[in-house]
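Derivation of every value follows stated rules applied to the coordinates shown; laboratory data play no part. For clarity, every value in this text was computed on a predicted model and none was experimentally measured. Methodologically, a virtual Cβ is constructed for each residue, glycine included, from the backbone with ideal geometry; neighbour enumeration extends over all protein chains shown.
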Amino acid sequence: MLLILNTATGEFLEAFIDKLSDCEELKGLKGFEFDWQKQCDYEVYKIALVEQPDHTLGLISCIDIPQELRVHVNLIEVNSSDIGRPKKLDRIAGCLIAFACSLAFKRRYGGFVSLMPKTKLIDLYQEKYGFRQFGRMLAVQYEASAELIKNYIGDEEI
Amino acid sequence: MKKSEEIYQKLKEKLTDEEIVERYVIPEEISEAERQVVEEEFRAIRMNMLKERSEQQRLLSELMRMKLLIRDYLKNSQYDEAFSFANQLQAYIKIIDRPKKDFAEEIDIHPTRLSRILSGKESPNIELVYRLEKHGGQLIPAIYWWKLHAKQLEYLIQKDEQKRLEESHKVKNHLKFRA
């Protein structure tokens, strides 16, 4: 079960992730800075709260690279209306990364997920999510990938 | 200025880098030529990793896959024979690559009982699912194993008309109500 933290109340809210199959759904999204229609060639998933299924909390764009047995996270963005300062909802990006890890296990890639974030943020992605650096890229796999799934998606709640 | 850099600079006016990392993965924008070099280098590293994959890593990968597929199945309302307790236990034994006799010994059950469970002639009990959880290094929780069995039972209770009829013949002096 995906759990998003409401930082104001300390309450965990149940969320779900759905694949967006129609590019039209990415048109004119409110609360997002990036042009998500440019991600149409890739796999795009949205995360939303079970109690508010029509409000997109965040989006992830993944590129499947089967010849290298990896899922590449191209872009993640959390809806700006849910990330005020102080932020209202926490763990959204973490849940999306953990979801990419689960895709990478299901596809027999050993949970291998790569990113090529802005260079100046590389250290922070390593600290926050346990990625390791390989040249300009970051990657997570095996135990570290399973740990992200455990931390953000959980084990027992099914 | 490139698009993602523009957005990053705009975000920097409101958020620290730590906060950006908690909300975004912003791709580094590089030229196509640079990208090809980065991708090529990374491909070589990745291929090397795959060549050096250990047995422990193979096991972890396969068991995590099994666990996530079971989780998806349990969320789905439809019963699927491929996910019967017996078939998943069979799949587990194949992943860990043990002779059935050795596996039976490792989880402290008689080989005949294991065979009966694998053929669906005998049901698992709570003790067994705890043992399976422990045997698999806690990767697949006992509750997953139990729910595979429970989902199968629910399906059978709803669909097994022959058994329902057989059992109804064994009941005497049953209560009667007008519907």
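State to the nearest 20 debye the size of the charge dipole of chain A about its Cα centre, where the only charges are +1 on K and R beta carbons and -1 on D and E beta carbons.
It comes to approximately 620 debye.
Would you please classify the overall shape of segment B:95-179 from the alpha carbon gyration tensor, given that a ≥ b ≥ c denote the square roots of the eigenvalues, rounded means a/c under 1.5, and beyond that prolate means a/b larger than b/c while oblate covers the rest?
Since a/c reaches 1.5 and a/b is larger than b/c, the shape of segment B:95-179 is classed as prolate.
Using Cα centres only, tell me the gap between segment B:145-179 and segment A:111-158 in whole Å.
48
I need two numbers for segment B:15-76: Rg to one decimal and Dmax as a whole number, Cα atoms only, in Å.
Final numbers for Rg and Dmax: 18.2, 46 Å.
I need two numbers for segment A:2-152: Rg to one decimal and Dmax as a whole number, Cα atoms only, in Å.
Here Rg and the maximum Cα pair distance are 14.9, 45 Å.
As a test, work out the antiparallel percent of DSSP beta bridges whose residues both lie in the protein assembly as shown, rounded to the nearest 5.
90
Across bins of 5 angstrom width beginning at 0, how are the C-alpha pair distances of segment A:29-110 distributed, in whole percent?
Here the calculated profile for segment A:29-110 is 3, 14, 24, 23, 17, 11, 6, 2, 0.
What dipole magnitude, in Debye to the nearest 20, does the protein assembly as shown give about its Cα centre under +1 on Lys/Arg Cβ and -1 on Asp/Glu Cβ?
Dipole magnitude for the protein assembly as shown comes out near 1160 debye.
Using all alpha carbons of the protein assembly as shown, what is the percent of pairwise distances in each 20 Å bin, ordered from the shortest bin to the longest?
For the protein assembly as shown, the pair-distance distribution reads 27, 48, 21, 4, 0.
If the only charges are +1 at each Lys and Arg Cβ and -1 at each Asp and Glu Cβ, what is the size of the charge dipole of chain B around the Cα centre, to the nearest 20 debye?
1440
Just from the alpha-carbon atoms, what are the Rg and Dmax of segment B:77-128 in angstroms?
11.3, 35
Considering the options A:Gly130, A:Cys23, A:Ala98, tell which one lies farthest towards the positive end of the dipole of segment A:2-152, charges being +1 on Lys and Arg and -1 on Asp and Glu at the Cβ, about the Cα centre.
With unit charges placed on the Cβ atoms, the residue in question is A:Gly130.
Indicate, rounded to the nearest 5 percent, the antiparallel portion of the DSSP beta bridges found entirely in segment A:2-152.
90
Normalising by the residue count of segment A:2-152, find the relative contact order in percent from Cα pairs under 8 Å and 6+ residues apart.
Averaging sequence separation for qualifying contacts and normalising by length gives 19 percent for segment A:2-152.
Determine the shielding of peptide B:11-22 by partner chains: average, over its residues, the number of Cβ atoms on other chains within 10 angstrom of each Cβ.
5
Along the positive direction of the dipole of the protein assembly as shown (beta-carbon charges: Lys, Arg +1; Asp, Glu -1; about the Cα centre), which of B:Ser123, B:Leu148, A:Gln141 reaches farthest?
Most positive-ward Cα: B:Ser123.
Across all directions of projection, what mean area in square nanometres is found for the Cα convex hull of chain B?
20.4
Of the listed pairs A:Lys120/A:Lys150; A:Lys46/B:Lys151; A:Lys128/A:Lys150; A:Lys19/A:Lys106, which have alpha-carbon separations greater than 23 Å here?
A:Lys120/A:Lys150; A:Lys46/B:Lys151
Working out 0.36 nm times the residue gap between B:Ser54 and B:Leu153, then minus their Cα-Cα distance, what length gain in nm do you get to one decimal?
Result: 31.8 nm gained on full extension.
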